[in-house]
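This report refers to the structure that appears directly beneath it.
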Amino acid sequence: MNSGNAVNGEFARQEPWMREPTIPPKGNAPMNIVEIRNLTKNYPLGNTTVHALRGIDMDIPKGSLMSVVGPSGSGKTTLLNIIGCVDNATTGSVKVHDQEVTALSDRQLTNLRLNRIGFIFQTFNLVPVLTALENVEFPLLLQGGRSTSEVRAKARKLLAEVGLGDHEKHKPAELSGGQRQRVAIARALVTDPDLVLADEPTANLDSETGESILQLMQKMNDEFGTTFIFSTHDAQVLRYAKSVVRIHDGRLVEGS
Amino acid sequence: MNTILFFAYRNILRQKRRAFLLGTAMALGTCFLVLASSFVAGISQTLFDRVMTYVAGHTSVIVSDRGYLYRTALRGHADLKDDIEKLPHVKKVEETIGIMCRIVGLKKSDNAILIGVDLRKEYTKEELEEVKDNFPMVSGAFEDLSRQDVENPAVISKSKAEFLGIGMGEVMSARFQDSRGRMQVAKLTVIGIFQPSNAFMEAPLFVSLDRAKALLDIDSTDLVYLYLTLQDPKTNAVPTADTIQKMLAPRLAALPGRVEFGSKTENVVSAGIRSDSASRAAFGKLVALSSEWKGAVAVLPESVADRLGAKPGDTVKVVLGISRSGDPISDKVVVAGTWNPPSGSGDLVLLEEDLFQAARSFRARLPGDSGMAQVDAAKSVLDSLLSPQWKLMPRARTTDDVADQYRQIGAREWKSPVVAVRTMYEMGEQIIKLADALNLITLVAVLILFVVVLTGVVNTLRMTVRERTREIGTLRSLGMQARQVRSLFLVETAMLAFFSSLAGTALAFAAMVGLSRLSFPIEGNPLSMLLVRGHLVFVPGFLSTVGQILLVVGMSVVAAWGPAAQAAKLSPANALRHYE
């Protein structure tokens with residue numbers, strides 16, 4: 001499961017529409033997996049403008065397990081969305097894996113997400129019509145270039161890693177909240193991403209389950225060196241983070 | 001693509017009720033489309049393959065003489081039928097003899113058409129099935145038309161027999177004019193009664209073709225009215241007619257004969273000089289005439305006149321044919337002048353066209369050379385004044401043209417026989433327009449239906465996109481390209497449309513089986529021409545059905561394009577933020 005292994009081979013197997021020369025191959029990772037300079041993000045809201053981020057500067061080293069902490073509406077999700085290339089910055093520079101993402105097209109950003117970034121959502125966001133195993137398989141199927149048996153084997157291995165080896169045929173509706181989030185973690189990790197972004201992963205879970213999820217993320221970070229950035233407004237879960245940044249009204253107030 | 005297909009399939013199953021309702025609408029739409037199109041194809045086939053074949057033929061060669069149709073013939077030109085049979089796309093050439101007659105039954109009398117049936121011809125299994133379909137027998141059989149033990153065996157429709165008050169084995173009499181213009185009366189014996197399959201089949205009585213020819217005094221060397229059945233008549237009718245038109249270009253008419261004056265007789269070849277005023281005037285400038293060029297008049301070659309001792313103003317006897325019994329038939333003709341035929345024309349006697357053509361039509365020819373070479377040689381002098389073998393009508397293009405030509409034929413504008421080549425397009429323009437109108441009405445009705453169905457598709461998909469906005473955000477976050485999102489919705493719609501249209505097609509076929517078993521009355525039913533033996537006819541074509549399924553799938557995909565593109569354009573971040 002080392003992200004530095006089969007990476008080049010995987011890239012070569014990708015379908016033509018996935019090959020984008022602007023994305024550097026895995027294995028040449030810089031020290032900082034994310035570098036943000038003077039990042040602002042404004043949202044128009046009727047006749048006014050909401051300043052969600054007001055000049056963020058931060059570097060996130062590879063292999064981090066970082067927590068972004070702040071109250072609701074502080075800009076945590078916006079920050080994660082921009083790092084995860086699902087949202088655009090208004091101004092500033094965002095480099096992910098040494099790649100300036102503000103200059104990439106939608107297609108290139110999608111490729112970057114598919115191959116380098118994993119997502120874990122507060123509300124799990126599993127595809128309801130797919131079983132747990134199929135949900136985990138889905139990103140691999142989007143990548144293409146693997147046989148069905150390869151895809152299945154890899155997804156099964158991940159599901160077993162998150163402790164759901166015997167739930168692979170269950171649909172999301174048949175799983176508990178904690179189990180769903182475990183499936184989501186397996187799905188986020190199945191493509192061997194360098195970076196996993198988790199937006200309030202424990203917000204919809206009871207504290208015991210939430211802790212088990214964070215322990216799982218910690219374990220994955222330790223074992224595979226995958227960078228995890230998770231947002232939370234719950235001070236109880238901070239002990240799982242190796243570093244913490246605090247954000248308030250769109251500005252960093254602590255950490256870097 | 002497999003991932004998209006798999007995912008689309010699961011999504012269809014996600015909202016079973018909605019998919020079922022939308023699929024049902026699509027299936028019903030397809031069902032109506034296939035049903036309506038098969039019904040119109042059935043009507044079209046009934047009109048083209050049954051009604052038109054029997055009423056007009058896909059293409060027909062019409063022979064008319066002295067204003068009469070169906071009971072006349074081009075004497076000695078049966079070989080043209082053989083040539084026409086060899087043309088490409090010609091399935092069948094049928095000689096058609098129709099004798100308009102007055103039938104006197106045991107109770108009443110009625111006008112009827114006596115039609116000749118070719119019993120010597122070897123019919124294919126398909127043709128026999130067609131005959132059985134069109135003329136289902138109540139009693140007797142068409143084969144009995146060849147019976148020799150009864151006088152003129154005839155098959156009659158049930159309704160006509162009931163009206164006339166006659167039954168099987170009973171005799172009715174028919175009064176008619178034969179091809180030589182003589183009134184005839186014949187006894188007909190009913191040996192078969194059929195149930196007419198549609199309104200067109202009620203009127204005719206059938207006798208064998210040989211008997212019909214004998215009744216009309218037409219022999220085997222004569223060419224009668226021909227009905228052609230073609231392969232792919234819609235495509236081939238007009239080109240075939242145009243080809244036949246070229247084949248039927250007439251030459252100049254000639255008739256062997258002899259001229260008698262006193263005790264002397266001279267064998268000659270005769271030609272006709274047209275009798276219209278312009279031709280008469282032109283002829284008067286070429287030959288010095290001592291009497292008006294009208295009626296029984298002739299211009300003799302000077303050599304013949306010398307040998308006979310006849311001079312202008314004398315009355316000579318001209319023999320231009322023989323009777324049925326072989327006796328020569330002579331006419332007294334006034335010598336209106338003499339002329340010097342050009343080289344090669346020999347002893348060419350020039351006759352007024354009316355007498356000349358009447359002899360050609362109504363008398364059997366004298367033995368001997370046809371004399372056509374001599375007449376051709378005279379063309380250098382007499383050119384367009386010579387009477388042709390027949391008048392070939394220009395190809396009619398519309399029903400109005402046909403009506404105008406019938407008016408000209410009825411007015412006897414030509415002394416020679418008239419030949420016209422027609423297709424069902426001119427003959428049945430109104431029927432074809434009816435079929436086209438039915439096609440158009442069906443198409444419009446089905447399109448309106450589909451606009452309604454496709455509005456449902458658009459609305460359902462818009463609702464689906466809205467409901468699945470967060471999921472779209474998730475998929476985009478996971479790395480699904482915008483165009484893959486669009487494809488996902490299009491494939492979902494296409495799959496639903498495909499399976500629904502298959503179900504709709506199956507439903508349509510089941511409905512066709514059921515509807516075609518319903519029986520409708522023929523008599524007094526204005527729609528009876530669209531029925532076959534009182535049943536609706538559906539003709540579903542494989543290619544048209546496949547085309548209709550593709551049309552439904554295609555239209556659904558086009559309708560889904562807007563909502564699918566809308567889904568693809570969603571920003572992943574906005575989609576993830578979406579809450580209902």
Those residues of segment B:77-102 whose amide nitrogen sits under 17 Å from the label point placed on residue B:370, 7 Å along Cα→Cβ: B:77-84
Förster radius 45 Å - calculated FRET efficiency between residue A:169 and residue B:437 (Cβ-Cβ, nearest 0.05): 0.15
Sequence-distant aspartates and glutamates (8 or more away, or on other chains) whose Cα lies within less than 20 Å of residue B:311: B:260, B:266, B:292, B:302, B:331, B:347, B:352
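Would you mind computing Rg(Cα) / (2.2 N^0.38 Å) for chain B, counting N as its residues? Walk me through the numbers before you get to the answer.
Numbers: Rg = 35.0 Å, N = 580, 2.2 N^0.38 = 24.7 Å.
After normalising by residue count via 2.2 N^0.38 Å, the value is 1.42.
Percent of accessible area on segment B:98-217 owned by carbon and sulfur, 1.4 Å probe?
Details: 2860 of 5460 Å².
The value for segment B:98-217 is 52 percent carbon and sulfur by accessible area.
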Distance cut-off 18 Å, percentage of C-alpha pairs in segment B:425-529 lying past it: 72
Qualifying aspartates and glutamates (Cα of each under 16 Å from Cα of residue B:158; at least 8 residues distant if same chain): B:110, B:133, B:170, B:202, B:523
Charge dipole (debye, nearest 20) of segment B:98-217; +1 at Cβ of Lys and Arg, -1 at Cβ of Asp and Glu: 600
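Given 10 °C and 1.306 mPa s, how large is the Stokes-Einstein diffusion coefficient of chain A in µm²/s, with Rh as the Kirkwood radius over Cα pairs?
Numbers: Rh = 18.5 Å.
The estimated diffusion coefficient comes to 86 µm²/s.
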Residue-count net charge about residue A:131 - beta-carbon cut-off 15 Å; Lys, Arg +1, Asp, Glu -1: +4
Selection from B:184, B:548, B:277, by position along the positive dipole direction of chain B (Cβ): B:548
Charge dipole (chain B, unit charges on Cβ, about Cα centre) - positive-most of B:366, B:348, B:448: B:448
Segment residue B:177-residue B:13, length gained on full extension (0.36 nm per residue, minus Cα span): 51.3 nm
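In segment B:255-389, what percent of the accessible surface is made up of carbon and sulfur (1.4 Å probe, ligands and nucleic acids excluded)? Walk me through the intermediate numbers first.
Values: 2860 of 5880 Å².
The computed percentage sits at 49.
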Segment B:122-196-segment A:36-51 distance, computed between alpha-carbon centres (Å): 96
Relative contact order of segment B:255-389, defined on C-alpha pairs under 8 angstrom at six or more residues apart (%): 35
Nonlocal amide H pairs with residue A:33, under 5 Å, H built at 1.01 Å: A:60, A:62
Relative counts (whole %) of C-alpha pair distances in segment B:255-389, using bins that are 10 Å wide: 13, 49, 34, 4, 0
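Stretch residue B:413-residue B:219 to full length: gain in nm at 0.36 nm per residue minus the Cα-Cα span?
Details: separation 194, 0.36 × 194 = 69.84 nm, distance 2.64 nm.
Taking 0.36 nm per residue and subtracting the Cα distance, the gain is 67.2 nm.
Determine, from the Cβ-Cβ distance of residue B:139 and residue B:404 and an R0 of 60 Å, the FRET efficiency 1/(1 + (r/R0)^6), rounded to the nearest 0.05.
Working: r = 44 Å, r/R0 = 0.73.
It comes to 0.85.
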Per-residue ³J(HN,Hα) for segment A:62-69, Karplus 6.51 cos²θ - 1.76 cosθ + 1.60, θ = phi - 60°, Hz, x for Gly and Pro: 5, x, 5, 10, 10, 10, 9, 10
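If you roll a 1.4 Å probe over the heavy atoms of the protein chains, what accessible area per residue do you get for the protein assembly as shown, in Å²? Each step should come with its number before you reach the end.
Values: 35810 Å² over 836 residues.
Heavy-atom accessible area per residue stands at 43 Å².
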Residue B:462-residue B:498 pseudo-label distance in nm [points 7 Å out on the Cα-to-Cβ vector]: 2.8
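Using a 10 Å cut-off around each Cβ of peptide B:469-478, what is the average number of partner chain Cβ atoms that fall inside? Walk me through the numbers on the way to the answer.
Values: counts 0, 3, 5, 0, 3, 11, 5, 5, 14, 15.
Mean partner shielding for this stretch: 6.
Over 20 Å between Cα atoms, which of A:76/A:219; A:41/A:76; A:62/A:95; B:125/B:160; B:160/B:187 qualify? Display every interim value, and only then the final one.
Working: A:76/A:219 24 Å; A:41/A:76 12 Å; A:62/A:95 13 Å; B:125/B:160 28 Å; B:160/B:187 17 Å.
Pairs exceeding 20 Å: A:76/A:219; B:125/B:160.
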Residue-level accessible surface for residue B:390, protein heavy atoms, 1.4 Å, Å²: 10
Principal semi-axes in Å for segment B:98-217 [√(5λ), Cα gyration tensor, largest first]: 21, 17, 13
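Give me a single rounded figure for A:118-129: the average over its residues of other chain Cβ atoms within 10 Å of their Cβ. Each step should come with its number before you reach the end.
Numbers: counts 3, 6, 0, 5, 0, 4, 1, 8, 2, 9, 5, 9.
The per-residue average across the peptide is 4.
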Cα-based reach from residue B:81 at 17 Å (exclusive), listing lysines while leaving out same-chain residues under 8 positions away: B:91, B:92, B:121, B:213, B:246
Rg [Å, one decimal], Dmax [Å, integer] - the protein assembly as shown, C-alpha atoms: 46.7, 148
Using a Förster distance of 30 Å, the FRET efficiency for residue B:151-residue B:329 (Cβ separation, nearest 0.05): 0.55
Rounded to the nearest 20 debye, dipole of segment B:298-445 from Cβ charges on Lys, Arg, Asp, Glu: 320
Karplus-derived HN-Hα couplings along segment B:177-185 (A = 6.51, B = -1.76, C = 1.60, θ = phi - 60°), whole Hz, x at Gly and Pro: 9, 7, 5, 9, x, 9, 6, 10, 10
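What quantity of accessible surface, computed with a 1.4 Å probe and excluding non-protein components, is buried in total between chains B and A, in Å² to the nearest 100?
When B and A are taken together, about 2300 Å² of accessible area is lost.
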Global size of segment B:74-125 as Cα Rg and Dmax, reported in angstrom: 16.0, 49
Interface residues in segment B:563-579 - accessible area drops by 40 Å² or more relative to the isolated chain, probe 1.4 Å: B:573, B:576, B:577
Those residues of segment B:238-263 whose amide nitrogen sits under 17 Å from the label point placed on residue B:317, 7 Å along Cα→Cβ: B:257-263
Quarter of Cα convex hull surface for segment B:178-275, i.e. mean projection, nm²: 12.4
In sequence order, calculated HN-Hα J values of segment B:393-407 (Karplus, 6.51, -1.76, 1.60; Hz; x Gly/Pro): 5, x, 5, 6, 10, 9, 4, 5, 4, 4, 4, 5, 5, 4, 4
Lys/Arg +1, Asp/Glu -1 at C-beta; chain B dipole; positive extreme among B:247, B:40, B:387: B:40
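The values are calculated or read from the model by the stated rules, or taken from the named source; none is laboratory data. The structure displayed is predicted, hence computed values, not measured ones. Cβ atoms come from the backbone with ideal geometry, glycine included; neighbour counts cover every protein chain shown. With ligands, DNA and RNA removed, areas are computed over all heavy atoms of the protein, side chains included. Shrake-Rupley method; radii C 1.70, N 1.55, O 1.52, S 1.80 Å.
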